[in-house]
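Comments concern the structure below.
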Amino acid sequence: MTDATTHAPKTGLTSITCQRLIDGGTFASCANTATEVANGVYVINLAAADLNGVNITLRFTKAGADDRLITLITQP
């Protein structure tokens with residue numbers, strides 16, 4: 001994640017809001033939360049329910065950080 005002001009890697013974030021949108025539905029919370037590895041890099045263990053579709057958009061937000069959107073296209 002990146003800092004909302006400087007856009008440099010943002011370290012030390014906790015309680016990141018993790019959401020997923022499946023096949024154009026509505027955003028819902030992911031089953032798990034993201035945690036920092038190091039240097040502004042975060043990981044999340046996605047559950048099968050988070051990826052149950054063809055077009056998945058993941059959204060990560062936290063005050064003070066830029067929103068991060070990631071779109072995945074899966075094959076059924």
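The values are calculated or read from the model by the stated rules, or taken from the named source; none is laboratory data. Nothing here was measured: the structure is a model prediction, and the numbers come from that model. Please note: Cβ atoms are built from the backbone with ideal geometry, for glycine as well, and neighbour counts cover all protein chains shown. Calculation scope for accessible area: heavy atoms of the full protein, side chains included, ligands and nucleic acids excluded. Shrake-Rupley method; radii C 1.70, N 1.55, O 1.52, S 1.80 Å.
Some points to look at:
- Residues of the stretch 59-76 that are among the hydrophobic types (A, V, I, L, M, F, W, C) and part of a loop (DSSP other than H, G, I, E, B): A63 alone.
- Residue check for T17: more than 10 Å from the chain's Cα centre (by Cα) and either on the phi < 0 side of the Ramachandran plot or among the β-branched types (V, I, T) (or both): no
- Close pairs (6 angstrom Cβ cut-off, 6 or more residues apart or separate chains): in contact (Cβ under 8 Å) with a residue 40 or more places away in the chain in the stretch 49-76, open to solvent by less than 60 Å² (accessible area, probe 1.4 Å) and not in a loop (DSSP other than H, G, I, E, B) anywhere: L58/R20; R59/Q19; F60/C18; D66/T2; R68/F60
- Checking the stated criteria, D23 turns out not to satisfy the condition of being open to solvent by 40 Å² or more (accessible area, probe 1.4 Å) and closer than 11 Å to M1 by Cβ.
Here's the yes/no breakdown for (1) of a type outside the set (D, E, K, R); (2) within 11 Å of the chain's Cα centre (by Cα); (3) under 12 Å from T2 (Cα atoms):
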{"residue": "C30", "(1), (2), (3)": "yes, yes, no"}
{"residue": "A34", "(1), (2), (3)": "yes, yes, no"}
{"residue": "V41", "(1), (2), (3)": "yes, no, yes"}
{"residue": "N45", "(1), (2), (3)": "yes, yes, no"}
{"residue": "L51", "(1), (2), (3)": "yes, no, no"}
{"residue": "T57", "(1), (2), (3)": "yes, yes, no"}
{"residue": "G64", "(1), (2), (3)": "yes, no, yes"}
{"residue": "R68", "(1), (2), (3)": "no, yes, yes"}
{"residue": "I73", "(1), (2), (3)": "yes, no, no"}
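- From the options A28, A34, A47, residue that is open to solvent by less than 50 Å² (accessible area, probe 1.4 Å) and in contact with a Phe, Trp or Tyr (Cβ under 8 Å, 6 or more places away or on another chain): A34
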